[in-house]
Amino acid sequence: PMISRIIFKGNKNIGIGFLLGDISTKNGDQVDKSAIVTDMIALENKYKEKGFNHVKIDYEIVQTEELKEKNLVQLVFHIEEGTETFISQIEFQGNASFTESTLKSKMKTKERKYLGIQKGIFQENVFYEDIEQLMNFYREQGYFKVDILRPQINYFTVTDDKGVERENIKISANPKILPNE
């Protein structure tokens with residue numbers, strides 16, 4: 001069968017146009033379950049880029065009697081967005097060599113600021129790239145034996161004045177400069 005229509009249910013924070021732009025399956029395509037699964041992963045990644053780290057996406061193929069006569073189906077993506085996650089604080093403990101603002105400026109991961117204009121979205125893979133970038137920065141400054149011990153990532157939930165729950169993250173990193181031997 002061919003797909004007559006793609007439907008998204010449960011999306012409140014990302015518009016249909018953006019979601020359609022991230023999937024490869026289009027109206028008029030034949031049903032390809034492997035492509036649909038790939039599309040689900042792409043949709044999950046889109047949500048994670050926007051700070052919805054607990055998103056769950058599933059799909060169903062709907063075929064009414066009328067659609068069956070025309071060999072058509074509807075593809076429905078069911079989205080549970082979960083709570084929005086953002087970084088409320090990044091701190092560096094035991095750091096005497098550089099200011100926190102200098103270290104933060106070397107990172108792609110940012111704290112939420114300015115009433116949400118700076119989103120402060122937490123993406124784990126980007127954060128660990130930032131840790132590598134910080135160690136490279138220290139080395140470039142002559143600290144060849146540096147290690148950033150396993151950062152602490154603390155999650156907690158807050159409810160805003162409108163009753164919307166969000167997950168906050170506080171990150172504590174501990175750069176250690178090891179003595180030269």
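Summary of computed values
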| item | result |
| --- | --- |
| THR109 vs. criteria closer than 27 Å to LEU19 by Cβ and among the hydroxyl-bearing types (Ser, Thr, Tyr) | yes |
| Residue within region 17-32 that is surrounded by 13 or more Cβ atoms within 10 Å (Cβ to Cβ), touching a Pro at 6+ places or on another chain (Cβ under 7 Å), at pLDDT 95 or above and not in a strand (DSSP E or B) present | yes |
| Flag if ILE36 is open to solvent by less than 60 Å² (accessible area, probe 1.4 Å) and either over 23 Å from the mean Cα position of the chain (by Cα) or over 24 Å from ILE121 (Cβ atoms) (or both) | yes |
| Cβ-Cβ under 8 Å pairs, at least 6 apart or on other chains, region 15-32 side in contact (Cβ under 8 Å) with a residue 40 or more places away in the chain and of a type in the set (Phe, Trp, Tyr), far side surrounded by 13 or more Cβ atoms within 10 Å (Cβ to Cβ) and not in a loop (DSSP other than H, G, I, E, B) | none |
| Residues within region 45-72 that are part of a strand (DSSP E or B) and touching a Ser or Thr at 6+ places or on another chain (Cβ under 7 Å), tallied | 1 |
| Residue list for region 41-68, restricted to those being open to solvent by 60 Å² or more (accessible area, probe 1.4 Å) and under 20 Å from GLU165 (Cα atoms) | LYS48, GLU49, LYS50, HIS54, LYS56 |
| Qualifying residue in region 129-149 (condition: in contact with a helix residue (DSSP H, G or I) (Cβ under 7 Å, 6 or more places away or on another chain) and among the β-branched types (Val, Ile, Thr)) | yes |
| Residue within region 69-87 that is more than 19 Å from the chain's Cα centre (by Cα), modelled with pLDDT under 90, closer than 28 Å to GLU167 by Cβ and polar (S, T, N, Q) present | no |
| Test: GLY10 is free of Cβ contacts under 8 Å to residues at least 24 places away in the same chain, of a type outside the set (D, E, K, R) and open to solvent by 30 Å² or more (accessible area, probe 1.4 Å) | no |
| Test: residue in region 92-115 that is out of contact with any Gly (no Cβ under 8 Å at 6 or more places or on another chain), at pLDDT 90 or above and within 30 Å of MET2 (Cβ to Cβ) | no |
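The values are calculated or read from the model by the stated rules, or taken from the named source; none is laboratory data. Just so you know, these numbers come straight off a predicted model, no measurement behind them. For neighbour counting, all protein chains shown are included, and Cβ atoms are generated from backbone atoms with ideal geometry for every residue, glycine included. When the accessible area is computed, the model is the full protein with side chains, heavy atoms only, and any ligands, DNA or RNA have been set aside. Shrake-Rupley method; radii C 1.70, N 1.55, O 1.52, S 1.80 Å.
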